[in-house]
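Here's the structure, in structure tokens; my notes come after.
The values are calculated or read from the model by the stated rules, or taken from the named source; none is laboratory data. This structure is a prediction, so every number in the text was calculated from the model and none was measured. Neighbour counts run over all protein chains shown; Cβ positions are idealised from the backbone, glycine included.
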Amino acid sequence: MSTTTSDTARFDARLPKEQKLLFEEAALLGGYRNLTDFIFAAAQDKAKEIIKEREQVIASERDSQIFFDAITNPEKPAQTLKKALADYKSFVAKSGKHNG
């Protein structure tokens, strides 16, 4: 994939010397080509992690609201459910007569 000048953006940062040395050591030990590759990879991984976590929180909040709404505002039982309940009650009543 080729990258043109219009496809890229510049990112500059100033940091303490000790921090730069730490990052350079990590880049070297991690097998990265250079400090820039290490910084971009680490920042990208962290960005994806934060976004995924936030999306999960949003989904969880939405799921909670759906569940709460279903509990507090239940739909009326369908006719098939009413029939199943009647059949079950009939079965239990008949079973009780034979076991007692």
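Some values worked out for this structure:
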{"quantity": "Qualifying residue in the range 10-17 (condition: surrounded by 10 or more Cβ atoms within 10 Å (Cβ to Cβ) and not in a helix (DSSP H, G or I))", "calculated": "yes"}
{"quantity": "First in the range 1-15 and at pLDDT 60 or above, second anywhere and surrounded by 10 or more Cβ atoms within 10 Å (Cβ to Cβ) and assigned to a loop (DSSP other than H, G, I, E, B), Cβ under 8 Å, 6 or more apart", "calculated": "none"}
{"quantity": "Among the candidates ALA26, ALA78, residue that is loosely packed, with under 10 Cβ neighbours inside 10 Å and either in contact with a Phe, Trp or Tyr (Cβ under 6 Å, 6 or more places away or on another chain) or of a type in the set (A, V, I, L, M) (or both)", "calculated": "ALA78"}
{"quantity": "Matching entry among PHE91, PHE40 (being more than 30 Å from LEU22 (Cα to Cα), free of Cβ contacts under 8 Å to residues at least 60 places away in the same chain and not aliphatic (A, V, I, L, M))", "calculated": "PHE91"}
{"quantity": "Matching residues in the range 6-28 - criterion: being closer than 11 Å to PHE38 by Cα and hydrophobic (A, V, I, L, M, F, W, C)", "calculated": "PHE23, ALA26, ALA27, LEU28"}
